[in-house]
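Each remark here refers to the structure printed beneath this line.
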Amino acid sequence: ATLDRLSDGRLVFAAGLGGPVEDEYRAFGDTTEPRVLAERLDEGLELLERFWSGEPVRHSGRHYEAHDVTLLPATAQRPRPPVWIGGFWPRRAPMRRAARWDGAVPLFESARHGHAPDPAEVRDLVDYVRKHRTAATGRPFDFVLGGATPPVQARAKDVIGPLHDAGATWWDERQMQTDPDLDRLPPVLRRVEAGPPVI
């Protein structure tokens, strides 16, 4: 909420189950059961939405409790910031969860980090989420895709254009994890300054 205020209402909140679960949960003695993690995420998101209101919250759920808790300040965006949900496609459950919120940030089993997904898969994903969309808020829904585009801007358009046509609304430029310059700032700055086309 503080970041939303500091950014003058430009915060987008993203959430997912996390992963790899062995590192992020079992290493700390926690469950790695996907069903339990999904229940926690759903209950936690609903609770977070209530906390963002700045009003007192009373909650006694399966995984969390709150006894007259008020978190201040409330978010600048009303009723709340957009919530984007991540998950692997073609797994359906994370995308059904995303359909209940404001955006999907899918990772594709067929296109690992740094590789752009196939536009046909993106169309399938977009169709699936739209069929499960239940929010009647009138808020826009975003599909955030990512990968590494070629450094030549004209070729970058060849990667991003078909994904835009398939329904993508945002592009997340990602470094290849095998790139020797992955942890060096100057190559990243050059890539950002060159600027792939915005969707």
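Before moving on, here are some points about what is shown:
- Antiparallel DSSP beta bridges within the stretch 17-131, as percent of all bridges there, nearest 5: 40
- Within the stretch 1-147: Cβ-based charge dipole about Cα centre, in debye rounded to nearest 20 (Lys, Arg +1; Asp, Glu -1): 500
- Difference of contour (0.36 nm per residue) and Cα-Cα distance, HIS59 to ARG26: 9.2 nm
- Along the stretch 27-36 the Karplus relation, 6.51 cos²θ - 1.76 cosθ + 1.60 evaluated at θ = phi - 60°, assigns HN-Hα couplings of 4, 10, x, 9, 5, 10, 5, x, 4, 5 Hz to successive residues, with x for each Gly and Pro.
- Comparing GLY86, GLY54, GLY103 in a Gaussian network model of the chain, where Cα atoms under 10 Å apart are tied by springs, the biggest mean-square fluctuation is seen for GLY54.
- Backbone amide hydrogens, once placed in the peptide plane, bring ARG174 within less than 5 Å of GLY147, ALA148, THR149, excluding anything fewer than 5 places away on its chain.
- Where GluC sites (Glu not before Pro) fall in DSSP loop in the stretch 37-133, at most 15 other Cβ within 10 Å: GLU109
- Scanning residues 5 or more positions from GLY87 or on other chains, those with amide H under 5 Å from its amide H are VAL105, LEU107, with H placed 1.01 Å from N in the peptide plane.
- Where both bridge residues fall in the chain, DSSP classifies roughly 20% of the beta bridges as antiparallel.
- Most mobile of ASP172, ASP68, ASP124 in a GNM of the chain (Cα contacts under 10 Å): ASP68
- Rounded to whole Hz, the Karplus (6.51, -1.76, 1.60) HN-Hα couplings of the stretch 147-160, x for glycine and proline: x, 10, 8, x, x, 7, 4, 4, 6, 4, 4, 5, 7, 7
- Among the listed values (i) 1, 7, 13, 15, 17, 17, 14, 9, 5, 2, 0, 0; (ii) 1, 7, 11, 14, 15, 14, 12, 9, 8, 6, 2, 0, 0; (iii) 1, 8, 17, 22, 22, 17, 9, 2, 0, 0, the one computed from these coordinates for P(r) over Cα pairs in 5 Å bins from 0, in percent is (i).
- Amide H contacts of PHE141: none lie under 5 Å away among residues 5 or more positions distant or on a separate chain (H built 1.01 Å from N in the peptide plane; Pro and chain starts excluded).
- The chain - mean residue ellipticity at 222 nm from DSSP helices (-39,500 (n - 2.57) per run, n ≥ 4, rounded to 500): -10500 deg cm²/dmol
- Taken one residue at a time, the phi angles of the stretch 73-84 give Karplus couplings (6.51, -1.76, 1.60, θ = phi - 60°) of x, 6, 5, 5, 6, 10, x, 5, x, x, 10, 9 Hz. Gly and Pro are set to x.
- Segment ARG100-ARG112, length gained on full extension (0.36 nm per residue, minus Cα span): 1.8 nm
Bear in mind that the values in this text are calculations on the coordinates, not laboratory data. Please read these numbers as outputs of a predicted model, since none were measured by experiment. Backbone-built Cβ (ideal geometry, glycine too); neighbour counts: all protein chains shown.
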